[in-house]
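Enquirer: The structure that follows is given in the form of structure tokens.
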Amino acid sequence: MTWQHPHDLARRARVGRLVVLAVFGILALMFFRVQVVSSARYQLQSEENRLRQVPLPAPRGLIVDRNGTVLAENVPGYSVALLASSPESLTAVLARLSPILPLDSAHVASIQRRYRQAPTEPVMIQRDAAFEVVSALEEQRVWNPGLVIQSDPKRYYPHGPVAAHLLGYVAEATEEEVREGKVRRGGVLVGRDGLERQYDDLLRGQDGFKFVEVDALGRTVREAREEATLAPEPGQTLRTTVDIELQQYIRDNFPPDSRGAVVALDPRNGEVLALYSAPSFDPNAFIGGYDPERWTELRESEEYPLFNRATQARYPPASPWKLAMATMALRREVVTMDSRMDISCTGGMRYYNRYFRCWKIEGHGDLTLAEAIQQSCDVYFYQLGLKLRLENLLHDAVELGFRERTGVDLPNEYQPLFPPSTEYYNRQYGPRGWTNAVTLNLAIGQGENSQTLINMVRFYAALASASGTAPEPRLVPGKPGRSRSLQLSASSIFGLREALVGVVAGGTAAAARIADLRIAGKTGTAQNPQGPDHGWFIAFAPAEDPVIVVGAIVEFAEHGSSVARLVTPIIARHLLGPDAVPTRAADYQLQTPADSAPEPVPILPDTSFFRSPADTAVSAGTPTR
Amino acid sequence: MQAHRLDRSLLVTTAVLVVVGMLTLYSAGQTDVPSFVTEIWKRQLLWLVLGIVGAILMFRVSPRILEWATPYAYGIAIALLILTLLVGTGAGTAASAKSWLAVGGVRIGQPVEAAKLATILMLARHLAGKREAPATLVEIVPSLVIVSVPFLLVALQPDLGSAIVFLGILFAMLFWVGVKGWLLLLLASPLISLLLGFNEYPWSAWIVVLTLILLVVRPYVLEGLVVWLTNVAMGVVVLKLWQTLAPYQQNRLLSFLNPELDPRATGWNIIQSKVAIGSGGIFGKGFAEGTQKRLAFLPEQHTDFIFSVIGEELGFIGVLVILALFTALLMVLVRIARGATDTYSSVLVLGVASMVFTHVFVNVGMTVGLMPIVGIPLPFFSYGGSFLVTCFVAVGLALRMAWESRLSGYAAL
């Protein structure tokens, strides 16, 4: 039997056909499984494969002042980002772009790090690229299809340094913030200071996104369908209580090359009309990734321009503090406005074996409380402090808010420093290590007392309000914060105000009088161990029904009286309008009183005595309580 | 020459496959990413012309002359394979393998494709010369040798895919000449041991089954012993062998078993292929519109994975149509083999059919993850001159055999 018998061949041909049909049938089944049964899954996978989400940055909300003038806006800018398929291709593209877009190695390393955090998203290479760079890159696009060049609104502060501390600035989110999930993606601008930071959530808006099709190497091929694009939602406009013209006026009139701050409040509702800190900086400098050199310059400058001296600097409150003393004494009915002290001022007073001086060496003589405020007599207030007793002084001052932040809606407000109770001294110096002399220092706003400008202004706002309560200072009108009452009778408030009017009318600030305006104010000179004394002036007007409180501190100003001449025109401008030329009172009083900067009196038992017996300038007294 | 004696169904199926293949190759080049594949269909067109010329020449050659020339063709093919091993270069997906013959830096072809045909010719000549079908393993040995020489030379390149094709050809042709099923199983048993050798339990079970088969069919004692010992040796040796495989070969085999192993490297191809095919759904994304292909996610879309392009763009319907076309072609070839005037022609045409079948099965199977990614072309579809010409020459042969049988009135069968 040969193998080629037709019957055998026919049988084998049948088997062969069956094998072919069976095998191809299995193949068809496999394709059925993939293409029909699991098709949806693979379709999804193919979409995910080729579509990349490119965020469309939301424009930040505007910040406007109380009259609608724009303080922070967005101007057209371009950002350059890159979709890369692998770290290697990212490096290669960056190298290829380096003639157009020179990047230093630190920058490249940071781009690489950010890429690894979100490899499927475009990594920001340069925000706010110059127009020439963008057009040169557009030409390169054919060779570098992963480039994502898009309009990216850029922050602009038209007033520059005028309201820098108030507005703050923005910068790209740091890598930590992205890692911790505070922002949704890298390259987002976040508020770094001031209102930009405080109201960041409101201002930031919601990023939109579009889809682009990419190829297997991550190169952008084209934009995907229009309907999948989600438009960005711009941030909300932030309407503030600031009067930018007043703010500008303050900046223009602030003593040049001086450091310090000015705060203007509406005492009726706590609205901040102006808040200026000098020296200032240009917040526009931070846009587009900051220049490290400029950053270092700002950071390490001796003048600390980034430091907000209205809310973050603490100064001895000096003579303006005397009103706090008067308030506490009146509340406890220790004195009335007409009370006189046992010892009349002869240029100082002896307390145990130490001599506490008044700023006026000739002495003020016998004064009422009103006159003592007007003349800022230290001897009067030494005795007032002793009458009030230290425990009460500390308790009442804490109750009046001299140990608390004002709660103004700015980030990083510093807490004023003030001893909570006598325990503080015990802890600090030991139970027998201090004397009652601390009371005398505290009574004139020296000693263990450091207040921020804004907190002192808040206190004066309470004096200026009809009910003796001060609402929380606010830059953005919102729910009213807690207000704090002085708990003074109307007659006491009236008395204190009249005394303050006297300060400007004929007291230590007489040189700053403005004709036709009844301004109530208090000067102060805070002793500064590091150099010339700091000058204070806090005032409000019109005295009968105040609508503005302005406080200023000028570092190294020597006297509060000179600060008064900065503040009263601000008030006049606010009350009389920009066009009215304030008629300053005649300069009949040329001498500027030193006002309350007595020699520092050591409050501690002096141990130097034991080391150098020859030094008898200050002698140790027996600690008494 | 009478045109009515040409086998029309073979001509038509081949022509349809060639046209669809060319269109698919054109589509494979339509990408959004600049690629050399875009222009490749024009070169394939040149090869097509060359292939048609080859087919016509083959059709002109009498089977008797062919039979006479077979040993020389086989000898030349083996010589070329040896030459390739010595001076061959790699290209494309198999850059590290030595599969190409190049003259002056210009790659002129892959001798393995011609060697497949030469081996079919040689095996057909050998088997047709026997009156009785080989009934023992010893009688199969000459056939084994004929296939083993090119098989080993190809495996050394290494070209796993083509080596598998040689095995497919061998078993199909032996079956066609009437070798008993149990004998084929014994022949295949070392391979089964090899595959099962990775895990000792299935392998032990297999050895038991094999022993039982040997006891039942009772071959010569020596043969039985050799088969049994070979199986045991394969099971023991396989791990050693595994370690000698090049890492990319190991990876290919491993990613066949588990494509998700490393999606970016070894499993990438198969995952992307399945995504392309699966996302095509029932009706496909439209000719030349496949997004996975356009965006270059689909690898080797003009050679190994050209069938994925069909799956993505023409959908399940398109896949069924193409599979039906190949089925039709194979049916026609089997019919020609069955109706051949002489044994040589019969075995020869069946060899051609088995070659086409193995290529289609392995190539299409690997695009859906049914087969390991071994990289062999799809007849009439994949880009590649040597294989296209080989296929045309094979079709020319089959046409001649069909013509012969019609001439002698056999066609009625």
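Enquirer: Name the residue, out of A:A84, A:A72, A:A40, A:A58, that is among the aliphatic types (A, V, I, L, M) and within 11 Å of another protein chain (Cβ to nearest Cβ).
Expert: Just one listed residue meets the conditions, A:A40.
Enquirer: Just the residues that are within 35 Å of the chain's Cα centre (by Cα) and farther than 28 Å from A:I519 by Cα, please, taken from the range A:374-392.
Expert: Correct list: A:L390, A:E391, A:N392.
Enquirer: In the range A:7-20, which residues are within 7 Å of chain B (Cβ to nearest Cβ) and either out of contact with any Gly (no Cβ under 7 Å at 6 or more places or on another chain) or of a type in the set (G, A, S) (or both)?
Expert: A:L9, A:A10, A:R12, A:A13, A:G16, A:R17, A:V20
Enquirer: Residues that are in the same structural domain as A:S376 (by TED's automatic domain parsing) and within 30 Å of A:L167 (Cα to Cα): does the range A:495-509 have at least one?
Expert: For the range A:495-509, residues in the same structural domain as A:S376 (by TED's automatic domain parsing) and within 30 Å of A:L167 (Cα to Cα): absent.
Enquirer: What number of residues in the range A:5-58 are of a type in the set (A, V, I, L, M), closer than 30 Å to A:P122 by Cβ and either touching a Phe, Trp or Tyr at 6+ places or on another chain (Cβ under 9 Å) or without any contact (Cβ under 8 Å) to a residue 60 or more places away in the chain (or both)?
Expert: The qualifying residues number 5.
Enquirer: Evaluate the range A:223-239: report whether one residue or more is modelled with pLDDT of 90 or more, closer than 16 Å to A:G551 by Cβ and surrounded by 15 or more Cβ atoms within 10 Å (Cβ to Cβ).
Expert: no
Enquirer: Output the residue which, of all residues in the range B:161-180 that are more than 14 Å from chain A (Cβ to nearest Cβ) and touching a Leu at 6+ places or on another chain (Cβ under 9 Å), is nearest to B:T343 (Cα to Cα).
Expert: B:L170
Enquirer: Based on this model, can you work out whether A:T508 counts as out of contact with any Lys or Arg (no Cβ under 7 Å at 6 or more places or on another chain) and in a strand (DSSP E or B)?
Expert: Considered against the rule, which asks whether it is out of contact with any Lys or Arg (no Cβ under 7 Å at 6 or more places or on another chain) and in a strand (DSSP E or B), A:T508 comes out as no.
Enquirer: Then there's this: For the condition more than 14 Å from chain A (Cβ to nearest Cβ), surrounded by 21 or more Cβ atoms within 10 Å (Cβ to Cβ) and touching a residue at least 60 places away in the same chain (Cβ under 8 Å), what is the one hit in B:A77, B:A124, B:A118?
Expert: Sole residue among the options that is more than 14 Å from chain A (Cβ to nearest Cβ), surrounded by 21 or more Cβ atoms within 10 Å (Cβ to Cβ) and touching a residue at least 60 places away in the same chain (Cβ under 8 Å): B:A77.
Enquirer: When you check A:R66 against the structure, is it within 13 Å of chain B (Cβ to nearest Cβ) and touching a residue at least 12 places away in the same chain (Cβ under 8 Å), yes or no?
Expert: For A:R66, the condition - within 13 Å of chain B (Cβ to nearest Cβ) and touching a residue at least 12 places away in the same chain (Cβ under 8 Å) - is not met.
Enquirer: Being surrounded by fewer than 13 Cβ atoms within 10 Å (Cβ to Cβ), in contact (Cβ under 8 Å) with a residue 12 or more places away in the chain and more than 19 Å from A:D215 (Cα to Cα) is the filter here, so list the residues in the range A:105-144 that pass it.
Expert: A:R116, A:F131, listed by residue number.
Enquirer: Does A:F24 satisfy the condition of being over 30 Å from B:E132 (Cα atoms), modelled with pLDDT of 85 or more, surrounded by 19 or more Cβ atoms within 10 Å (Cβ to Cβ) and within 14 Å of chain B (Cβ to nearest Cβ)?
Expert: yes
Enquirer: Take the range B:273-310 and flag every residue that is facing chain A (nearest Cβ under 9 Å), part of a loop (DSSP other than H, G, I, E, B) and more than 23 Å from A:L29 (Cα to Cα).
Expert: Within the range B:273-310, B:L295, B:A296, B:F297, B:P299 meet the criteria.
Enquirer: Could you check A:P102 against (1) assigned by TED's automatic domain parsing to the domain that holds A:G146; (2) touching a residue at least 12 places away in the same chain (Cβ under 8 Å) and say which number it fails?
Expert: Failed condition: (2).
Enquirer: For the range B:323-355, enumerate the residues that are buried (at least 24 other Cβ atoms within 10 Å of the Cβ), more than 8 Å from every other protein chain (Cβ to nearest Cβ) and of a type outside the set (S, T, N, Q).
Expert: Within the range B:323-355, B:L329, B:L333, B:I336, B:G339, B:A340, B:V347, B:L348, B:V349, B:G351, B:V352, B:M355 meet the criteria.
Enquirer: Still on this structure, please answer the following. If we keep just the residues of the range A:132-145 that are assigned to a helix (DSSP H, G or I) and either charged (D, E, K, R) or at pLDDT 80 or above (or both), which is nearest to A:R96 (Cα to Cα)?
Expert: Out of the qualifying residues, it is A:L137.
Enquirer: Which of the residues that make up the range B:311-321 are at the interface with chain A (Cβ under 10 Å from one of its Cβ atoms) and surrounded by 20 or more Cβ atoms within 10 Å (Cβ to Cβ)?
Expert: If the condition is that a residue be at the interface with chain A (Cβ under 10 Å from one of its Cβ atoms) and surrounded by 20 or more Cβ atoms within 10 Å (Cβ to Cβ), then B:G311, B:E312, B:G315, B:F316, B:G318, B:V319 are the ones that fit.
Enquirer: Another one. Being in a strand (DSSP E or B) and touching a Phe, Trp or Tyr at 6+ places or on another chain (Cβ under 8 Å), is that true of even one residue in the range A:313-329?
Expert: Checked the range A:313-329: at least one residue is in a strand (DSSP E or B) and touching a Phe, Trp or Tyr at 6+ places or on another chain (Cβ under 8 Å).
Enquirer: Tell me which residues, restricted to the range A:79-104, are buried (at least 21 other Cβ atoms within 10 Å of the Cβ) and not in a helix (DSSP H, G or I).
Expert: Across the range A:79-104, the qualifying residues are A:S79, A:V80, A:A81, A:L82, A:L83, A:A84.
Enquirer: Scan the range B:364-384 and give yes if some residue there is under 13 Å from B:L48 (Cβ atoms), assigned to a helix (DSSP H, G or I) and away from chain A (no Cβ under 14 Å), otherwise no.
Expert: No, that holds for no residue.
Enquirer: Are any residues in the range A:45-72 assigned to a strand (DSSP E or B) and at pLDDT below 90, and if so, which ones?
Expert: The answer is A:L51, A:R52, A:Q53, A:V54, A:P55, A:L56.
Enquirer: Quick check on my filter: what residues within the range A:471-496 are buried (at least 19 other Cβ atoms within 10 Å of the Cβ) and within 15 Å of A:L323 (Cα to Cα)?
Expert: The answer is A:L486, A:L488, A:S492, A:I493, A:G495, A:L496.
Enquirer: Here is a follow-up. Out of the range A:256-265, which residues are farther than 10 Å from A:E555 by Cβ and surrounded by fewer than 22 Cβ atoms within 10 Å (Cβ to Cβ)?
Expert: Result: A:P256, A:D257.
Enquirer: Across the range B:269-315, what is the total count of residues that are under 13 Å from B:T367 (Cβ atoms) and aromatic (F, W, Y)?
Expert: 2
The values are calculated or read from the model by the stated rules, or taken from the named source; none is laboratory data. As the structure is a prediction and not an experimental result, all values here were calculated from the model. Because the Cβ atoms are built from the backbone with ideal geometry, glycine has one as well, and the counts that use them run over all protein chains shown.
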